[in-house]
1. Give the residue that is surrounded by the most Cβ atoms within 10 Å (Cβ to Cβ), with candidates limited to residues of the stretch 118-134 that are in contact (Cβ under 8 Å) with a residue 24 or more places away in the chain and within 13 Å of the ligand (Cβ to nearest atom).
2. List the residue pairs whose Cβ atoms are under 6 Å apart, where the first residue sits in the stretch 36-51 and is exposed (fewer than 15 other Cβ atoms within 10 Å of the Cβ), the second is of a type in the set (D, E, K, R), and the two are 6 or more positions apart or on different chains.
3. Would you mind stating whether Gly89 is touching a Pro at 6+ places or on another chain (Cβ under 7 Å) and away from the ligand (no atom under 16 Å from the Cβ)?
4. Evaluate the stretch 71-91: report whether one residue or more is over 22 Å from Gly135 (Cα atoms), part of a helix (DSSP H, G or I) and touching a residue at least 24 places away in the same chain (Cβ under 8 Å).
5. If the requirement is being within 16 Å of the ligand (Cβ to nearest atom), touching a strand residue (DSSP E or B) at 6+ places or on another chain (Cβ under 7 Å), basic (Lys, Arg) and at pLDDT 95 or above, which of these qualifies: Arg83, Arg103?
6. In the list Gly60, Gly55, which residue meets the criterion of being surrounded by fewer than 15 Cβ atoms within 10 Å (Cβ to Cβ) and within 16 Å of the ligand (Cβ to nearest atom)?
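The values are calculated or read from the model by the stated rules, or taken from the named source; none is laboratory data. Computed from a predicted model, the values in this text were never measured in an experiment. For neighbour counting, all protein chains shown are included, and Cβ atoms are generated from backbone atoms with ideal geometry for every residue, glycine included.
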Amino acid sequence: MSNVAVVFWSGTGNTEAMADLVAEGVQSAGGKATVIQATEFSVEELDAYDAFAFGCPAMGAEELESEEFEPMWDAVEPALPGRKVALFGSYDWAEGEWMDLWRERAEAAGIIVSETVIAKDYPDEEASDACRALGAALV
Ligand SMILES: Cc1cc2nc3c(=O)[nH]c(=O)nc-3n(C[C@H](O)[C@H](O)[C@H](O)COP(=O)(O)O)c2cc1C
C-alpha cells in the first residue's frame, strides 16, 4: 500500500483544509495518508513514506512561510530528488506566483514535481476536486 505524507503549514486553515482533501484522495485511491504539520516533519522521516504532498500558502511577497515551513523545506529539499512529490497551497490577492516560484525552485534542486494545486482562499468545489485528484495520483 502506498504510504503518503501530507506535510503542511497553514495560518488560517485554508491550506489545512486542502491537506485534508489531499489525504481524502489518497485514501479513496487505496493509499494510506498521514497529515503532518510542517514543524513535526524532518528529513529523518522521508524514508518512511512512498510519496509526499507539501502544502504552504502564499506568504510574505509571493514566498513560502518563513518561520516554520521554509526551514523544514530547506532541510528536506536536497533529499527529495528521486521521490514522488506534489505541491499545494492557498493564496488570496495575487495570481499564484508563489507556487510557480516554489515549483521552479524545487525543479532546480532536481525534484520532479508531479503536480501542483492552488486554491484562492478556502478551497471551492473545483479546487477540492483538484486536491483529491492530487492525492489519488500520488498513490
Ligand atoms: C503575512 C501574509 C502574507 C501573504 N502574502 C500573500 C501573497 O504574497 N500573495 C497572495 O496571493 N496571498 C498572500 N497572502 C494571503 C494568504 O496566502 C491567503 O490568505 C491564504 O488563504 C492563507 O492560507 P492559510 O489559511 O492556509 O494560512 C498573505 C497572507 C498573509 C497573512
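1. Checking each candidate, the answer is Cys131.
2. Listed by first residue and then by second, the contacts come to Thr39/Glu68.
3. Working: touching a Pro at 6+ places or on another chain (Cβ under 7 Å): yes; away from the ligand (no atom under 16 Å from the Cβ): no.
Considered against the rule, which asks whether it is touching a Pro at 6+ places or on another chain (Cβ under 7 Å) and away from the ligand (no atom under 16 Å from the Cβ), Gly89 comes out as no.
4. Within the stretch 71-91, one or more residues are over 22 Å from Gly135 (Cα atoms), part of a helix (DSSP H, G or I) and touching a residue at least 24 places away in the same chain (Cβ under 8 Å).
5. Only one candidate passes the filter, namely Arg103.
6. Gly60
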